[in-house]
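Colleague: Submitted below is the structure of interest, expressed as structure tokens.
Bear in mind that the values in this text are calculations on the coordinates, not laboratory data. Here the structure is a predicted model, which is why all the values come from computation and not from measurement. Positions of Cβ are generated from backbone atoms using ideal geometry, with glycine treated the same way; all protein chains shown enter the neighbour counts.
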Amino acid sequence: MNGSDHGEPLQDDDDGVSRRGFLRCMTWAGTGVLWMANDGLPRSVGLSSALAATAPKPTGLTFLQISDSHIGFDRPPNTDVLATLREAVAKIKTLPVKPSFMIHTGDISHLSKEKEFDDANQLIREVGLPVFYVPGEHDVLDDEQGKLYRDRYGKGTKGAGWYSFDQHGIHFIGLVNVVDLKAGGLGNLGEEQLKWLEDDVRGLSASTPIVVFAHIPLWSLYPEWGWGTDDGARALSFLKRFGSVTVLNGHIHQIMQKVEGNVAFHTARATAFPQPAPGTAPGPGPMQVPAGELRKYLGVAHVNFVPGNKHLAIIDTPLA
Amino acid sequence: MARTETWRVAFLLVPLLAGAAAFAVDAPTNEVKIENFTFAPEAITVLAGTKVTWVNRDDIPHTVTAQDHSFRSKALDTNDSFSFTFEKPGEYAYFCSIHPKMVGKIIVKAP
């Protein structure tokens, strides 16, 4: 289930799932995940690989996922989360093929403060791409539980900020599972959103590739730490008939992946700080790592098989 | 130091034979620590009129939110605290509205 430094294919060639040309994880680089859709089927590639000559040549849509910037967080192991976000942005800008857009899977801010959103926006804007957001629980901490977020990012969205759009024949769905959480429970979508989702996909052909993105993992990844969504299975039940469903989440600050039937689940690394693997610490708080190691966990210097240490070095260089 | 103070108070109050007076003289601190995504202790019992204080010792913000909405803190950043005085006897279940797996309970007894 864990992500690997090297590109170990998921479900590569031995069953019906993969014959659908399913999703394959080549490599991951933490700062961002580049998604490519060839023939309408998404596959992912880590940024450092995408920057290297080994990257598959995209022939269709490419887009990018970043997550968990936590702007405003200022404690070990990362006292400068703006710097690591800036590095991620710089890296994205050096991609040889410009992605069509970016998605941010939440926890843009740490404490939902205006300034935190401002600072994040100022950096992310530099990428020069349209960005599609969903909120994390850290983005809805204001007294009105997400009004600040919705005022900024919620134009054209429904409810707490959910929406869908189409690109290159792929149907993208941004869900919100961080509001109105119930005592003792996990992430929560709620009746109104579930009903909307059911209606949203009703008219689509089963061959339409679906990409769902939300902050908290939609599957029960580690409920003991709240890493799951109580009514996530109901959401997925509306997507059962589709041949290709890709679910992209953040929240856990590390890569986890799973393929179940036609559904591929992935979580992205953070740009802010790592969190421990499930059950390996007393709680899911920030994982302390030596200062020199931090970027390995965030992926900026995740260079295992990329002959591109130099790429990283270039990316750290401020753009002219 | 806290222990010394407790002894002193106890000593002074013994002749008064009035337990309730202790709260008027020196209200006890009832603190719930928020640590490792748990409320510790998870349940405490206090007398009506007691002020309970929660302190967040995590590097991640949490809230203290009554299930019946009778009290609700703002997001508590590291080392922030929140206090609430429980006037009426009863059981008050609460949770962290950001990490709802975190639950706790305050049991308030009549003095």
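Colleague: What is the magnitude of the charge dipole of the stretch A:61-318 about its Cα centre, with +1 placed on the Cβ of each Lys and Arg, -1 on the Cβ of each Asp and Glu, and no other charges, expressed in debye to the nearest 20?
Modeller: Numbers: 24 positive and 29 negative charges, 175 e Å.
Once rounded to the nearest 20, the dipole reads 840 debye.
Colleague: Then there is this: Taking the Cβ of A:Y153 as the centre, find all other residues whose Cβ is under 14 Å away and add up their charges (Lys, Arg: +1; Asp, Glu: -1).
Modeller: Values: positive: A:R125, A:K147, A:R150, A:R152, A:K155, A:K158; negative: A:D107, A:E114, A:E116, A:D118, A:D139, A:D142, A:D151.
Net local charge, A:Y153 excluded: -1.
Colleague: May I pose another question? Which lysines does A:K296 reach when only Cα atoms under 21 Å apart count, and residues fewer than 8 places away in its own chain are ignored?
Modeller: A:K91, A:K93, A:K310
Colleague: P(r) for the stretch A:168-255, please, calculated from all Cα pair distances in 10 Å bins and given in %.
Modeller: 17, 51, 27, 5, 0
Colleague: Run down the lysines and flag those whose C-alpha is under 18 Å from the C-alpha of A:K147, throwing out any fewer than 8 positions away in its chain.
Modeller: Filter leaves A:K113, A:K115, A:K155, A:K158, B:K74.
Colleague: Report, as a whole number in µm² per second, the diffusion coefficient that Stokes-Einstein gives for the stretch A:61-318 at 25 °C and 0.890 mPa s using the Kirkwood radius over alpha carbon pairs.
Modeller: Values: Rh = 18.7 Å.
The Stokes-Einstein estimate is 131 µm²/s.
Colleague: Is there a quick way to get the dipole size of the stretch A:115-176? I mean about its Cα centre, with the Cβ of Lys and Arg at +1 and of Asp and Glu at -1; what is the value in debye to the nearest 20? If you can, show how the numbers build up before the last one.
Modeller: Numbers: 7 positive and 11 negative charges, 61 e Å.
For this selection, approximately 300 debye.
Colleague: Next question. Could you give the semi-axes, largest first, of the ellipsoid that matches the stretch A:192-301, computed as the square roots of 5 times the alpha carbon gyration tensor eigenvalues and rounded to whole Å?
Modeller: Values: eigenvalues 190, 44, 23 Å².
In descending order, the three semi-axes are 31, 15, 11 Å.
Colleague: For the residues A:D231, A:D107, what sequence is obtained by ranking on other C-beta atoms within 10 Å, fewest first? Please report the intermediate quantities before stating the final value.
Modeller: Details: A:D231 19, A:D107 27.
Placing the least packed residue first, the sequence is A:D231, A:D107.
Colleague: Long-range amide H contacts for A:V247: which residues qualify at under 5 Å (H placed 1.01 Å from N, peptide plane, sequence gap of 5 or more or a different chain)?
Modeller: Residues meeting the criterion, in which the H sits 1.01 Å from N, are A:V212, A:A264, A:F265, A:H266.
Colleague: Per residue of B:98-107, count partner chain C-beta atoms within 10 Å of its C-beta, then hand back the mean as an integer.
Modeller: Details: counts 8, 7, 12, 12, 4, 3, 1, 0, 0, 0.
Rounded to a whole number, the mean comes out at 5.
Colleague: What FRET efficiency comes out for the pair B:K88/A:K115, r = Cβ-Cβ distance, R0 = 51 Å, nearest 0.05?
Modeller: On the way: r = 40 Å, r/R0 = 0.78.
Plugging the Cβ-Cβ distance into 1/(1 + (r/R0)^6) gives 0.80.
Colleague: Okay, moving on. For the stretch A:61-318, what relative contact order do you get, as a whole percent, if you take Cα pairs closer than 8 Å and at least 6 residues apart?
Modeller: Relative CO of the stretch A:61-318 lands at 19 percent.
Colleague: Ranking A:L197, A:L95 by Cβ neighbours within 10 Å, fewest first, what do you get?
Modeller: Working: A:L197 22, A:L95 17.
Ascending number of Cβ neighbours within 10 Å: A:L95, A:L197.
Colleague: Now for a separate question. Cut-off under 17 Å on the C-alpha distance; same-chain residues fewer than 8 positions from B:K101 excluded. Which lysines are left, in chain and number order?
Modeller: A:K182, B:K33
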